[in-house]
Amino acid sequence: MNQKINKRIAGLFAFIVVTWGLAWPINKIGLSYLSPLWFTALRLLIGAAAMMGLVIAIKKFSLPTRKDIPLILIIGLLQISSYIFLTNLGLAYLPAGRSSLLAYTTPLWVMPAAILFFNEETSWLKWTGFLLGVGGLVLLLCPWEMNWHDRDVVFGSAMLLLAALCWAISILCIRHMHWSKSALELVPWQLLVGALPLIVAAWIKEPAITIHWDMPLTLSLAYTGILVTGLSYWSGIVINKELPASVISTGFLAVPVFSLMVSSIFMHEAITTSTIAAIAFILTGLLCIAL
């Protein structure tokens, strides 16, 4: 990649790390007002409307063709609808910091699959980075300290791991499937496809909803809908198309590290010595992958 593309990718990656990292504690605020199903549905609807308005404003709007349908369905239903709903469901049962860690176990699925099924090239340095990153993630999670007899903990953890698997499949599809249109042209339709089944499900399952619109809920939905669901998902798709899936999945481990720091400051989630060591592992692993 040339220097201009490198700067663009670096800028988009930094944007994702900050916006997604802040999203976990902000999601937690929104979930104190709404159920995971309704919060996810409204967040996706806001994101779809925002991105549709953007592509119309900059004259990039176009109707999808038959060739675009597989990408719209896969990203819309797996990376957007399923991933966001499952993470919000898990977040309702677990703290924001731990939830973000479980949801970002994606590298455990992506890098081996990318090498095994898609013959992606790798090196000993990238493998070292991958192992350091995953090792740091396991150290952060401390599964040996979790209360596995608590049904809420088990259920929340299972939902977040399933979300990570959905995202892993989506990352591989974004990287290796054919794109007939740009990511910006397709992302409004992907968001719409992701939003519709959740809106229908929320309306059927929880029809008697009463929403108390105050400032924290409004800002939470605006932030997660426009910045996280809209612009950040578009940024993530752009990066997925440019970089190998193994690099992307491991690189996004920077998000839970940032989220953990934010949660410790604003939501008083403790950072222990093992947490600091784990963060050092992950950051060293990311450096190895970047080299």
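The values are calculated or read from the model by the stated rules, or taken from the named source; none is laboratory data. Model, not experiment: these values are computed from the prediction. Neighbour counts run over all protein chains shown; Cβ positions are idealised from the backbone, glycine included. All accessible areas refer to the heavy atoms of the entire protein, side chains included, with ligands and DNA or RNA removed. Shrake-Rupley method; radii C 1.70, N 1.55, O 1.52, S 1.80 Å.
Side notes on the structure shown:
- Counting the residues of segment 79-125 that are assigned to a loop (DSSP other than H, G, I, E, B) and either of a type outside the set (S, T, N, Q) or within 15 Å of Leu161 (Cβ to Cβ) (or both) gives 9.
- Filter pass, Trp179 being assigned to a loop (DSSP other than H, G, I, E, B) and modelled with pLDDT of 80 or more: yes
- Residue within segment 86-94 that is in contact with a helix residue (DSSP H, G or I) (Cβ under 8 Å, 6 or more places away or on another chain), modelled with pLDDT under 85 and of a type in the set (Ser, Thr, Tyr) present: yes
- Condition met for Lys59 (at positive phi and either surrounded by fewer than 20 Cβ atoms within 10 Å (Cβ to Cβ) or assigned to a helix (DSSP H, G or I) (or both)): yes
- Residues of segment 86-107 satisfying the condition of being open to solvent by 50 Å² or more (accessible area, probe 1.4 Å) and touching a Leu at 6+ places or on another chain (Cβ under 8 Å): Ala92, Arg98
- Test for Ile69: is it farther than 26 Å from Ile169 by Cβ and without any contact (Cβ under 8 Å) to a residue 12 or more places away in the chain: no
- Some residue of segment 192-209 being part of a helix (DSSP H, G or I) and either of a type in the set (Asp, Glu) or under 16 Å from the mean Cα position of the chain (by Cα) (or both): yes
- Candidates Ser246, Ser232, filtered to the one that is open to solvent by less than 10 Å² (accessible area, probe 1.4 Å) and more than 15 Å from the chain's Cα centre (by Cα): Ser246
- Scope segment 20-29; condition within 17 Å of the chain's Cα centre (by Cα) and more than 12 Å from Gly90 (Cα to Cα); matching residues: Trp20, Gly21, Leu22, Ala23, Pro25, Ile26
- Sole residue being in a helix (DSSP H, G or I) and crowded, with 17+ Cβ neighbours inside 10 Å, chosen from Leu165, Leu131: Leu165
- Scanning segment 199-221 for residues being open to solvent by less than 40 Å² (accessible area, probe 1.4 Å) and closer than 22 Å to Pro25 by Cβ gives a total of 3.
- Of the listed requirements (1) of a type in the set (D, E, K, R); (2) surrounded by fewer than 16 Cβ atoms within 10 Å (Cβ to Cβ); (3) touching a residue at least 60 places away in the same chain (Cβ under 8 Å), Asp152 misses just one: (3).
- Evaluation of Ile69 against (1) open to solvent by 40 Å² or more (accessible area, probe 1.4 Å); (2) in a loop (DSSP other than H, G, I, E, B) (one fails), failing number: (2)
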